[in-house]
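Just so you know, all these numbers are worked out from the coordinates, no wet-lab data involved. Being a predicted model, the structure only gives us computed values, none of them experimental. Note that each Cβ is placed from the backbone with ideal geometry, even for glycine, and that neighbours are counted across all protein chains shown.
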Amino acid sequence: MSALLEVNGLATHFTTRDGVVKAVDGVSFRLDAGKTLAVVGESGSGKSVTALSIMRLVAKPRGNIVAGEVLFKGDDLLKMDDARVRDLRGDRIAMIFQDPMTSLNPVFRVGRQIGESLMLHKGMSRKEAFERAIELLDMVGIPNPRDRARDYPHQFSGGMRQRAMIAMALACDPDILIADEPTTALDVTIQAQILELMMEMQARTGAAIIMITHDLGVVADLADDVMVMYAGKQVEYGPSDAIFYDPFHPYTWGLLDSLPRHDVDEKGVLHPITGQPPSLINVPPGCAFHPRCPFAQEVCETDVPPALAVTDAHVSACHFSTDPEFRRGVAVACAVPEGVESA
Amino acid sequence: MLRYAVRRILQMIPVFIGVTIILFVLRAPGVLPGDPVRMITGERAIPESLREQIIEKHALDQPLHMQYVIYVRNLLQGDLGESYQRGRPVVDIFAEKFPNTLRLAVAAIIVEIVLGLTAGIVSAIRQYSFLDVLLTLSTSVLVSVPVFWLGMLFQIFFGIRLKEWTNDAFYLPISQMSSAQFPDWVHLILPAITLASVSTAYVARIMRSQMLEAMGQDYIRTAEAKGLKRRTVVYRHALKNAMIPVVTFVGIDFGVMMSGAILTETVFSWPGVGREIFLAVGQRDWPIVMGGVIIIVVIIMIINLIVDLSYALLDPRIRYGGGAE
């Protein structure tokens, strides 16, 4: 079966005064209709640029997609002419951005902004689009949608604006919804509502979702697959269960280990990954994670690890991915956190 | 909105009183040299009876504060007094000159809007291109050129040199009185371009920077993610946001131009309000100077109010008069 979206070896580089920033460097995944893929990683790991590359919205001339293919229903988005990509954008592939405060245009009414893509892609008149925008606002849980559609963004609260953004993205009933940290800028209580709304909308419209987040807690319940990124590279990719309960890559272990836990009786003790993410201009040779990896060997400093298949659907970019002995060692080390005795 | 407008109009009253008092104090004996009667009559010797007549007519025998009261009372009835030199009511003089100033201002503001906005938008869209560098460079030069000097350069080049080079076949009139062989609007070309020059450069610069700022905003990315054409994104989403500060500048500038472009009008002998005030200052014709300044103040205040109110139309985040939620 051909995937709805298949990304192979995607690489996006930015030219800066200091050198070439390899923001995305070899990312591959597939997304089937109606499924949810979570893209997880620290700030600057290339999650957002991956999303923008799929939409072909990377800011030129500094940003360039230098390699790879993005197959949407079998057609390579990277080879299409601009007009065809624009036809897909907002219609078949829609995007929700991180900060709803700045992502809506302050000088246009909310209803008009939602209706804009309907007029563009569905050929609706301004009036029809506005009526449909009211229905969409109602659908995403905005009270008094008829009045609210006439409001300007500054009259909406943060949560309402993100609801409006979701309504805007779903307007044309897209096949894929890319959400770039949709809850980061919101209150914790609102975050849960927005995630719930997105899941509800997915159930209703059957859209596939790419959920970009730095918050592993967010993705545990709702993702089918998880891709972990580090320094522009894909480090581990597989079914959600495998990533959460049977991770392989030491970085994934580190991420999971750094989550605050309620079931372990050691209040106030966090286990951060030591060190800083590398500069994307001077990515360490070999495995980019090796300077921070507690299990690094000599080979990690010299050779770039290939993506090794742990199981059919589960790949990990670590030299020791297929070494059960190594794996047990990592699991043991992480299960008994170092701080326990001293705390 | 209405309450805001009323409040702003009420605020004009103290400004107005302040301006008239300052003008009056400047006129007081001993502050500036010159005997008003002498200014009216010139250097000729006059009989004492005529002198008294003049003093009485212009209420010059009254103490200064009484003169002020009389002046303001007349002013409120639409009477700005009578010119010392011309023996005509000041109101009539300005009523005659104002249409000329208005014509020049409208022509200049059109030049400013068309050229300034175009240059700014082109610069922003093609940032760092040759055209952008060229425009940025020329606007930098233009903002620092004195208007009267630019006007004179235009006169020399388009009025005199061009005429010589083309054997009188083609040139532009360099003053209102120069000749009658041109259609009326041709006389406007050089003064309008001169008057608009500095402001056009400013508009281009403001437009460019505002446009670039708007183009970098998140909502532009949202608009692109909808699949809109770049043209639509630029001219619908970015432009409306970028226009807000530009409208302010152009609006206020129009007010300044309408109140008389003293330098431009003088260089081109344009019979407008500004030139009239310039001549009156030279002749110490106080009623004209005072009347002119008062008219300028009123025009500027009204234009400022209109500009501020038009904000609310462009930027929905601004609501005057406590309409916030």
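Using the count of nearby Cβ atoms within 10 Å as a rough guide to exposure, how do A:Met139, B:Met12, B:Met66 rank from fewest to most?
Ranked by crowding around the Cβ, least crowded first: B:Met66, B:Met12, A:Met139.
Calculate the radius of gyration of the Cα atoms of segment A:1-90 to one decimal place, then report Dmax, the largest Cα-Cα distance, as a whole number, both in Å.
In order Rg, Dmax, the Cα atoms of segment A:1-90 give 13.2, 44 Å.
Where does each of A:Thr302, B:Thr136, A:Thr213 land when they are ranked from fewest to most other beta-carbon atoms within 10 angstrom?
Going from sparsest to densest Cβ surroundings: A:Thr302, B:Thr136, A:Thr213.
For segment B:11-76, count all C-alpha to C-alpha pairs, find those more than 20 Å apart, and express that count as a whole percent of the total.
Distances greater than 20 Å cover 37 percent of the Cα pairs.
Taking all pairs of distinct Cα atoms, average 1/r, flip it, and tell me the Kirkwood hydrodynamic radius of segment A:111-211 in Å to one decimal place.
13.7
Between their Cα atoms, which of A:Lys22/A:Lys60; A:Lys35/A:Lys122; A:Lys47/B:Lys226; A:Lys22/A:Lys47 are more than 22 Å away from each other?
Beyond 22 Å: A:Lys35/A:Lys122.
Once phi is turned into θ = phi - 60°, what whole-Hz ³J(HN,Hα) does the Karplus curve with 6.51, -1.76 and 1.60 give for every residue of segment A:315-321, x standing for Gly and Pro?
In residue order, the calculated couplings are 10, 9, 8, 9, 4, 9, 4 Hz.
Could you run the Karplus curve 6.51 cos²θ - 1.76 cosθ + 1.60 with θ = phi - 60° over segment B:239-250 and give me ³J(HN,Hα) per residue in whole Hz, x for Gly and Pro?
4, 4, 6, 6, 6, 3, x, 5, 4, 4, 4, 4
Have a look at segment A:158-213 and give its Rg and Dmax from the Cα atoms, expressed in angstrom.
For segment A:158-213, the Cα radius of gyration and maximum Cα-Cα distance read 10.5, 29 Å.
Under the rule of -39500 (n - 2.57) per DSSP H run of 4 or more residues, summed and divided by the residues of chain A, what mean residue ellipticity at 222 nm is obtained, to the nearest 500 deg cm²/dmol?
Mean residue ellipticity, 222 nm, calculated: -10000 deg cm²/dmol.
Which residues' amide hydrogens lie under 5 Å from the amide hydrogen of A:Ala33, considering only partners 5 or more residues apart or on another chain, with H built in the peptide plane?
Placed amide hydrogens put A:Leu4 under 5 Å from A:Ala33.
Determine the shielding of peptide A:86-98 by partner chains: average, over its residues, the number of Cβ atoms on other chains within 10 angstrom of each Cβ.
Mean inter-chain Cβ contacts per residue within 10 Å come to 3.
Output the direction-averaged projected area (hull surface divided by four) of the convex hull of the alpha-carbon atoms of the protein assembly as shown, in nm².
Average of the hull's projected areas for the protein assembly as shown equals 43.7 nm².
Can you grab the distance from the C-alpha centre of segment B:163-217 to the C-alpha centre of segment B:269-295, Å, no decimals?
Centre-to-centre (Cα) distance: 25 Å.
Count, for each residue of B:214-224, the Cβ atoms from other chains sitting within 10 Å of its Cβ, then give me the mean as a whole number.
6
Taking Cα atoms of chain A, Rg/Rh with Kirkwood Rh, to two decimals?
Computed over Cα atoms, the ratio is 0.99.
Beyond 30 Å, what percent of the Cα pairs of chain B remain?
So the portion of pairs separated by more than 30 Å is 51 percent.
Taking other Cβ within 10 Å of each residue's Cβ, how do A:Cys300, A:Cys318 sort, fewest first?
A:Cys300, A:Cys318
Can you give the Kirkwood hydrodynamic radius of segment B:200-250 from its Cα pairs, in Å with one decimal?
11.1
Go through segment B:156-162 residue by residue and turn each phi into a ³J(HN,Hα) via Karplus (6.51, -1.76, 1.60, θ = phi - 60°); whole Hz please, and just put x for glycine and proline.
Each residue's phi maps through the Karplus curve to give 5, 6, 7, x, 9, 4, 4 Hz.
Contact order normalised by length for chain B, with contacts defined as Cα pairs under 8 Å and 6 or more residues apart; what percent is it? Working shown, then result.
On the way: 347 pairs, mean separation 80.0, N = 325.
Reported relative contact order: 25 percent.
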